[in-house]
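Contents: one structure, followed by commentary.
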Amino acid sequence: MRILATRGNTRIRVLVGCALVGLFCWQLGWDSETDQPNVVRAGGMVQPAIAYTKAPAITTDLTPAELVKSDPMKLLEVALQRYQTSISDYTCTFTKQERIDGKLGDSQQIAVRFCEMPFSVLMEWVKNPGDARRVLYVQGRWQNDDGEDLAKIEPQGAIARLLVKSVTLPINGSMAKSQSRRTIDQFGFGNALKLIIDYARLAIDAGQGSIVYLGEDEHEGRKTWVLQRTLPYTADNCQWPDRVLIVEVDQQWLLPVACQTYADDQKQHMLASYVFSDIHLNNGLTADDFDPKANGF
């Protein structure tokens, strides 16, 4: 019986490991290898650092409605500062569709529970899951002998769960770097804002990018501002994550609630779509909400 369990566990680790690398990604950025900004990786990818510290204080006499038209970059910086000082946790439905290795995958719908301190994410796939049904990550809670952060993964499928209830796998391993552009520790509104800002700043400073205001729209009945970021992306060298990013910023919350990325100026070749819906902020989530036993892992 022990031999059967061991073989089953190994098989599930392989299956779930393959799934993990592609399930947690936004195409706004890529996995971080360094804490230093403006780094070019060996593969040629421009790599701004992800900052886990507070954003510098932004001072302005303009309202967000004035800033979005006169200085959309500063609006995003104000949005990041507001997020970091006013939002501690949230729940939402996260809908994503990504092009990986040239193929646009199915749209996936994921129920998310998120907390900033400590950085904690619980994801449950409710539409088009891959090999993983649920994933739980708490920064620093599970690590391997090399000090790499691990996540708990519950496999999809009743038969798989009979063999093994859950496994722990590195969130930033070699497979993740080869197949995934962001891992679960880079999920969330704060990280998304930081990457949008950093890539725009790098491109603008190089005289090869822009970020502009396009107008107003609505998302789930809430008013949004629509911004467009352009980067010097080319499909040949992949030094940037996309050519065009369209992001909707909620006018009240100043959060990026919907993003679409494209490989071309005509926005015909979609790279990814990311949409947050049913958002509930500051629910008072605690460590108990991310406890593996309490959540059936």
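Screening segment 272-286 for residues that are open to solvent by 10 Å² or more (accessible area, probe 1.4 Å) and touching a Lys or Arg at 6+ places or on another chain (Cβ under 8 Å) and picking the one that is nearest to Arg182 (Cα to Cα) gives Ser273.
The residues listed here are Asp242, Asp289, Asp278; of these, the one that is in contact (Cβ under 8 Å) with a residue 60 or more places away in the chain, of a type in the set (D, E, K, R) and either in contact with a Gly (Cβ under 7 Å, 6 or more places away or on another chain) or in a strand (DSSP E or B) (or both) is Asp278. Scanning segment 264-275 for residues that are part of a loop (DSSP other than H, G, I, E, B) and modelled with pLDDT under 95 gives no hits. Is it the case that some residue within segment 118-127 is of a type in the set (Lys, Arg), within 30 Å of Gln252 (Cβ to Cβ) and open to solvent by less than 20 Å² (accessible area, probe 1.4 Å)? Within segment 118-127 (the criterion being of a type in the set (Lys, Arg), within 30 Å of Gln252 (Cβ to Cβ) and open to solvent by less than 20 Å² (accessible area, probe 1.4 Å)), the answer is no, since none of the residues qualifies. Does Thr59 qualify as being modelled with pLDDT under 85, within 19 Å of the chain's Cα centre (by Cα), of a type in the set (Val, Ile, Thr) and open to solvent by 30 Å² or more (accessible area, probe 1.4 Å)? So Thr59 fails the test. Here segment 225-236 is the region considered, the condition is being in contact (Cβ under 8 Å) with a residue 12 or more places away in the chain and in a loop (DSSP other than H, G, I, E, B), and the residue that is least open to solvent (accessible area, probe 1.4 Å) is Leu231.
Could you list all residues from segment 86-109 that are of a type in the set (A, V, I, L, M), at pLDDT below 95 and out of contact with any Gly (no Cβ under 6 Å at 6 or more places or on another chain)?
Residue satisfying the conditions is Leu104 alone.
Checked against the criteria, Leu254 counts as open to solvent by less than 30 Å² (accessible area, probe 1.4 Å) and either touching a residue at least 40 places away in the same chain (Cβ under 8 Å) or not acidic (Asp, Glu) (or both).
The set of residues from segment 70-94 being under 14 Å from the mean Cα position of the chain (by Cα) and buried (at least 18 other Cβ atoms within 10 Å of the Cβ) comprises Cys92, Phe94.
Selection of segment 197-224 for residues being under 17 Å from Glu77 (Cα atoms), open to solvent by 10 Å² or more (accessible area, probe 1.4 Å) and either under 21 Å from the mean Cα position of the chain (by Cα) or of a type in the set (A, V, I, L, M) (or both) yields Asp198, Arg201, Leu202, Ile204, Ile211, Val212.
The single condition among (1) open to solvent by 50 Å² or more (accessible area, probe 1.4 Å); (2) of a type in the set (S, T, N, Q); (3) under 24 Å from Gln109 (Cβ atoms) that Thr261 does not satisfy is (1). Pick from segment 247-263 the residues that are part of a loop (DSSP other than H, G, I, E, B) and not aliphatic (A, V, I, L, M): which of them is nearest to the chain's Cα centre (by Cα)? Taking the candidates together, the pick is Trp253.
Each residue in segment 130-139 was checked for being within 14 Å of Lys96 (Cβ to Cβ) and surrounded by fewer than 20 Cβ atoms within 10 Å (Cβ to Cβ), and 1 of them qualify. Scanning segment 147-180 for residues that are open to solvent by 50 Å² or more (accessible area, probe 1.4 Å) and either at pLDDT 90 or above or aromatic (Phe, Trp, Tyr) (or both) returns a single hit, Glu148.
The values are calculated or read from the model by the stated rules, or taken from the named source; none is laboratory data. What you see is a predicted model; the values in this text were computed from it and never measured. Using ideal geometry, Cβ is built from the backbone for each residue, glycine included, and neighbour counts are taken over all protein chains shown. Accessible surface areas use protein heavy atoms only, side chains included; no ligands, DNA or RNA. Shrake-Rupley method; radii C 1.70, N 1.55, O 1.52, S 1.80 Å.
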